[in-house]
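Input: a single structure, listed below in structure tokens.
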Amino acid sequence: MNDVDARMDRLRRAARYRYQQLVDSEIERGSLDPDEVREERRLLKAADVAAHARAQIEQAERRGAFEGNPYHGKPLPGNDGRHDPDWWIKAKIEREEITGIAPPALSLRKEDGELDGRLDDLALEADVRAVLEDFNARVKEARRQLLGGPPVVTPLRDVDTEVGRWRERRQERLAAEAQAAADWAAAEADRPRRWWHRRR
């Protein structure tokens, strides 16, 4: 803060103090209603905070603090008009892909959406069953605990049904890979061979 800003700040505080002294003396005389004064002070404080915030933003703009900011003069992404006090931490978790600190309701919901892809990466049915049983156990445990936060609405997975779906997806994937390999072999067989390949 430079000298001019410090001087202006001192003048604002002195003016605020003098105004409060005058108002207090008028209340003592009975010419002002204390409830009206309290409401006016509340509004003045809100206006003062807004004016202070505007002044800070203007100073930062003059210093060039917002240059290169992709959101300067634009609405914040994900701001749909509803008040969510945790919007910033949710955005940080999503942006930096932080795991292990979200409430169980959120982490289990995210894991549920990615579970089929995780199962498709497994080659053994026993591994698929183990992952599903572990997931169901964690959903049950999260439902039992009363730690606050959003309710756990993630459904349990039926292990036998999910294993059957995993088998179907695996067979379709293997059939598609076999078809792609057969198409590639047929294309290689149809391709004319060069004379130096034939001489060998």
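The values are calculated or read from the model by the stated rules, or taken from the named source; none is laboratory data. Bear in mind the structure is a predicted one, so any value in this text is a computation, not a measurement. SASA here: full protein model, heavy atoms, side chains in, ligands and nucleic acids out. Shrake-Rupley method; radii C 1.70, N 1.55, O 1.52, S 1.80 Å.
Structure data summary
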{"quantity": "Whole-number D in µm²/s for region 123-176 (Stokes-Einstein; Kirkwood sum over Cα pairs; 10 °C, 1.306 mPa s)", "calculated": "124"}
{"quantity": "VAL4, VAL159, reordered so the largest accessible area comes first (probe 1.4 Å)", "calculated": "VAL4, VAL159"}
